[in-house]
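Here's the structure we're looking at; comments come further down.
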Amino acid sequence: MQPHIVYFFEENDHSWLDPIADFVKKGIGQNESVIVIATEQHRLGLKTKLLANKTIGLEASNDTLYTTLDASTTLRLFMRNGWPDERLFLNVVGEIIGSIQNNTAVRIYQEISAVHLASRDYLVGLHLERLWAKLANNEDRSFLCGY
């Protein structure tokens, strides 16, 4: 399991969802809990793709392993005075992981850092990426960070 992967994509390239869908599909296929923290538009695009290939939905065998959250809403849970509070970040993300992990490995695709970088606050984005890297030091976790 690769602990921390960064994926750069362009919105107007229609194949940008493929590596994310593959990441999710592989995790669910291995009975891993999968969390997607992304924008509404990206969650919808990913959901459409995963439903089409029967990774999630009524015809999927492990649909309960898949959870999605909004990136902006999740970001607000640990930001204090314009800066990510490390203790809150670790608590919030830790609780998210703990609430769905069910004694399995966990995969997280996240765009939280990218959402913040859109405001051009690069130091905050870099700090967020460092916080994700701290969480990736656990052997039963894998992170794909999308930009």
State, as an integer percentage, the relative contact order of the chain based on alpha-carbon contacts under 8 Å between residues 6 or more apart. 37 percent
Spin-label point model (7 Å from Cα, Cβ direction): what's the residue 54 to residue 147 distance in nm? 3.8 nm
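Relative contact order of region 1-78: what whole-number percent is it, with Cα pairs under 8 angstrom and at least 6 residues apart?
Details: 63 pairs, mean separation 24.0, N = 78.
Here the relative contact order equals 31 percent.
So if each residue of separation counts as 0.36 nm, and I subtract the Cα-Cα distance between residue 40 and residue 88, what length gain in nm does that give? Please list the in-between numbers first.
On the way: separation 48, 0.36 × 48 = 17.28 nm, distance 2.33 nm.
Contour length minus the Cα-Cα distance gives 14.9 nm.
Once the Cα gyration tensor of region 1-114 is diagonalised, what are the square roots of 5 times its eigenvalues, in whole Å and ordered largest first, as equivalent ellipsoid semi-axes?
Numbers: eigenvalues 110, 65, 30 Å².
Those come to 23, 18, 12 Å.
Take the Cβ-Cβ distance between residue 140 and residue 120 as r, set R0 to 30 Å, and report the resulting FRET efficiency rounded to the nearest 0.05.
Working: r = 35 Å, r/R0 = 1.16.
So the FRET efficiency works out to roughly 0.30.
Please give the length that would be gained between residue 104 and residue 73 if that part of the chain were fully extended, namely 0.36 nm times their separation in residues minus their C-alpha to C-alpha distance (nm, one decimal).
Details: separation 31, 0.36 × 31 = 11.16 nm, distance 2.56 nm.
Answer, rounded to one decimal: 8.6 nm.
Can you give the accessible area per residue of the chain, in Å², using a 1.4 Å probe? Could you put the intermediate results ahead of the total?
Numbers: 8020 Å² over 147 residues.
Value for the chain: 55 Å² per residue.
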Zone residues, region 96-115, relative to residue 64, backbone N less than 14 Å from point 7 Å out along Cα-to-Cβ: 100-104
Of the accessible area of the chain, computed with a 1.4 Å probe and all protein chains kept, carbon and sulfur make up a percent value of 51 percent
Antiparallel DSSP beta bridges within the chain, percent to nearest 5: 10 percent
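Using only Cα atoms, what Kirkwood radius does region 60-105 have, in angstroms?
Working: mean 1/r = 0.0830 Å⁻¹.
Hydrodynamic radius (Kirkwood, Cα pairs) of region 60-105 is 12.1 Å.
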Which shape class applies to region 7-69: rounded if a/c is under 1.5, otherwise prolate when a/b exceeds b/c and oblate if not, where a ≥ b ≥ c are the square roots of the Cα gyration tensor eigenvalues? prolate
Percent relative contact order for region 104-147, counting Cα pairs under 8 Å at least six residues apart, stands at 62 percent
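The values are calculated or read from the model by the stated rules, or taken from the named source; none is laboratory data. These numbers come from a predicted model, not from an experiment. Cβ: placed from backbone, ideal geometry, glycine included. Neighbour counts: every protein chain shown. We work out accessible area using only protein heavy atoms, side chains counted, and drop any ligands, DNA or RNA first. Shrake-Rupley method; radii C 1.70, N 1.55, O 1.52, S 1.80 Å.
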